[in-house]
Amino acid sequence: MVPVTPRPSRAVCPGSYDPVTAGHLDVVERAAALHDEVVVALLHNPAKAGTFTVDERLGFVERAVAALGLSDRVRVEAFAGRLLVDVCRDVGATVVVKGLRGSTDFEYELPMAFMNRHLTGIETVFVPGDPALGHVSSSLVKEVARYGGDVTDLVPDDVRDALVARLRAGG
Ligand code: PNS
């Protein structure tokens, strides 16, 4: 009998990551605990300018993943104007992992999970977010930084410094 080598389980953690937060990193870490490999898929609309460029966002996530010691199993890739299901097929992922901070996230995420399953059969697995980070989102962090609030511990230090430089300058 030919020995069968099991395929590594590969998950995708999708998002716009503009910028990455401690909440995103908690989900990536937990996805990496559940799967052999994780692709952090930075999905962006080329027609829409974000606060940070795609290269800046990629750099923030890559450095954070390295700081977690996960670079050997977690890779970060950007995709422009693509359906998540197509990205999953291209990278060979069989599951999407998303974090839920509460019922509002669930209501937002559930139709997308249904739609993605309808399109290709891909499953979405929800992990409950760390309650200590339930208030953390890219948009709130940006608002707090814009008006001079301290976002230390809510984002990696290089993101905090970049937020201060970018948003205080009126970006
Ligand atoms: O960080 P965000 O903005 O909450 O991420 C949302 C994202 C990028 C994961 C979602 O908008 C997405 O999957 N976009 C890709 C396009 C797509 O597949 N749309 C149909 C989803 S049912």
Cβ-Cβ under 6 Å, sequence separation 6+ or interchain: first residue in region 1-16 and over 17 Å from Thr124 (Cα atoms), partner in a loop (DSSP other than H, G, I, E, B) and more than 16 Å from the ligand (Cβ to nearest atom). Which pairs? Pro8/Asp36
Residue that is surrounded by the fewest Cβ atoms within 10 Å (Cβ to Cβ) [pool: residues in region 124-133 that are among the aliphatic types (A, V, I, L, M) and assigned to a strand (DSSP E or B)]: Val125
Take the residues in region 40-81 that are more than 13 Å from the ligand (Cβ to nearest atom) and β-branched (Val, Ile, Thr); name whichever of them is farthest from the chain's Cα centre (by Cα). Thr53
Hey, does region 137-149 have a residue that's within 22 Å of Glu107 (Cα to Cα) and free of Cβ contacts under 8 Å to residues at least 24 places away in the same chain? yes
Which ones in region 103-123 are in a loop (DSSP other than H, G, I, E, B) and either among the β-branched types (Val, Ile, Thr) or at pLDDT below 95 (or both)? Ile122
How many residues are surrounded by 16 or more Cβ atoms within 10 Å (Cβ to Cβ), in contact (Cβ under 8 Å) with a residue 40 or more places away in the chain and out of contact with any strand residue (DSSP E or B) (no Cβ under 6 Å at 6 or more places or on another chain) when one looks only at region 66-123? 2
If you go through region 141-159 one residue at a time, do you hit one that is more than 14 Å from the chain's Cα centre (by Cα) and within 14 Å of the ligand (Cβ to nearest atom)? yes
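The values are calculated or read from the model by the stated rules, or taken from the named source; none is laboratory data. Treat the numbers as computed from the prediction; the structure is a model and nothing was measured. Counting neighbours? That spans all protein chains shown, and the Cβs are built from the backbone with ideal geometry, glycine included.
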